[in-house]
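The values are calculated or read from the model by the stated rules, or taken from the named source; none is laboratory data. In this text, all values refer to a predicted model and were calculated from it rather than measured experimentally. No Cβ is skipped: glycine too gets one built from the backbone with ideal geometry, and neighbour counts run over all protein chains shown. Ligands, DNA and RNA are excluded from the accessible area calculation, which covers all protein heavy atoms including side chains. Shrake-Rupley method; radii C 1.70, N 1.55, O 1.52, S 1.80 Å.
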Amino acid sequence: MSDLLEITRRAAELALKKGASEAAVGAYRARHVEVAWRDGKVEKVSEATTRGIGLDLYVDGRYASVSTSDLRPDALDRFIEDSVALARTLAPDPYRRLPEPELYRGQANVDLELEDPSYAGVTAAQRRQEAGAVEAAAREVRGAEAILSVSTSVSDTRAESALVHTNGFEGERRGTDFWIGAEVTVQDPDGRRPEEYAASGGRFRSAMEAPEVMGRRAAERAIARIGTKKGESAVLTMAVDNRASGRIVGALFGPLAAAPIQQKRSFMEGKLGATVGSALLDVRDDPFVPRGLGSRLYDGEGIAARPFPVFDRGVLRSYYVDTYYGRKLGIPPTTSRSSNLAWSLGERSPEQLLADLGEGVLVTGFLGGNSNGTTGDFSLGVRGFRIRGGRLAEPVGEMNVSGNHVELWNRLVAVGNDPYPYSSMRTPTLVFEGVQFAGT
């Protein structure tokens, strides 16, 4: 048993001793190291180790959620005693209680490969060398004379946590992640300074792309933005590359949470079992992806993780339901938040999709705007490239796309074969027809 689990157990026992009828206690410890590099020299080196503990206290039908970073026994004793007293001053809430113990059962016995055993071997010199190598590669690309600035970073984190519920759940997990990235600013002849970035990483250090690849990609993306003009207003086919598509997917998945549904703040309310997108909208929640950024054996409430369909050929099959709002809605809990998304992928590469698209816009980034989770209406700034004759043409920016999510996802006409590996959403390139662009 780890010392973190031992601390968590003691805190849970103390909560009961101080008068709580039930308690959920989670403790964590994390170390994060980052080297930030800018224009030929180290800009910042940081190393931070954090730890803390959070308690959900259930006292006489009342509920309080508290946290502290002071884990000294005497301090924790006083903190929990005061927190229990605080909980007694709050209004009763009959829906607040620990998950039913049967939800803990059936936890999968699989190795998700969330911790890289080589973590301890990463050196400060290695991080510094890689951060510098990213800039060197950026400044070697064709057109690099337009580069004004290059910022890079190399970082890694090791985190561990423990969770104890006084009605029978205990769990521990450890994980690592490693990231490398670059941001490049260039000089446009019209005086503007477009920026672009590239980043990669994952649970294991091998998921980081080589510094040379990172620097070159960031610089080439920034240089490609030179000469960006506002495109014409029109209804066009829109392709969203796999890196950018997480923005609109996030706006689709946010309203699937039980809280906004129960509070009448979701355009997905009442749509369970209904068709809300084209048959190409086919996504599962999969917590068991090896080395996945959202992989887990149990969620934040201790509920045993299971894969489940979210959208089945355009039909909404599941909400993200925690136990509290599940009780309020009268529906069984699933899990409070998404793990990894698993898309039914198409067979065509992004290049083939653009070639088949003919005329349209490739969106490579969203800038500002808003998406209303209650109505589904959205208006988002976009940048990217005009597509003419199936090929990338001039860069475009300062444009907006607007519409409604249900209408948009019913216009989904193609899905790429390229899930973005550096996000738990794992979004592929998505193609929508008949999208309203506002420009000149």
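Tabulated data for the structure shown
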| item | result |
| --- | --- |
| Whole-Hz couplings from phi, Karplus 6.51/-1.76/1.60, listed for the stretch 388-397; x for Gly and Pro | 10, x, x, 10, 5, 10, 6, x, 10, x |
| Net lengthening on full extension, L329/N167 (0.36 nm per residue, minus Cα-Cα) | 56.0 nm |
| Translational diffusion of the stretch 186-230, µm² s⁻¹ [Kirkwood Rh, Cα pairs; Stokes-Einstein; 20 °C; 1.002 mPa s] | 181 µm²/s |
| Overall Cα dimensions of the stretch 54-189, principal axis frame, Å, largest first | 69, 39, 32 |
| Computed [θ] at 222 nm, helices only, for the chain once each DSSP H run of length n ≥ 4 contributes -39500 (n - 2.57) | -6500 deg cm²/dmol |
| Kirkwood-Stokes translational diffusion coefficient of the stretch 266-332, alpha-carbon pairs, 25 °C, 0.890 mPa s, µm²/s | 185 µm²/s |
| Selection from I80, I7, Q262, by position along the positive dipole direction of the chain (Cβ) | Q262 |
| Gyration tensor (Cα) of the stretch 1-81, equivalent ellipsoid semi-axes in angstrom | 36, 13, 10 |
| Mean accessible surface per residue for the stretch 283-417, computed with a 1.4 Å probe while every protein chain stays in place, in Å² | 41 Å² |
| Given charges at Cβ of Lys, Arg, Asp, Glu: the stretch 287-440 dipole, positive-most of T440, H405, L329 | L329 |
| Principal axes of the stretch 242-386: Cα extent on each, largest first, Å | 49, 35, 26 |
| Rg/Rh (Cα only; Kirkwood hydrodynamic radius) as it applies to the chain | 1.01 |
| Label-to-label distance, nm, for residues given as L90 and E269 (7 Å Cα→Cβ offset) | 2.4 nm |
| Charged-residue dipole, Cβ positions (Lys, Arg, Asp, Glu), the chain about Cα centre, Debye nearest 20 | 440 debye |
| Ranked by how many other beta carbons lie within 10 Å on average, peptides 176-183, 70-77 from highest | 176-183, 70-77 |
| Overall dimensions of the stretch 56-117 as given by Cα atoms, namely Rg and Dmax in Å | 16.9, 47 |
| Heavy-atom accessible surface of the chain: percent carbon and sulfur, 1.4 Å | 49 percent |
| Stokes-Einstein D (µm²/s) once Rh is taken as the Kirkwood radius of the stretch 358-440 over alpha-carbon pairs, at 37 °C in 0.692 mPa s | 238 µm²/s |
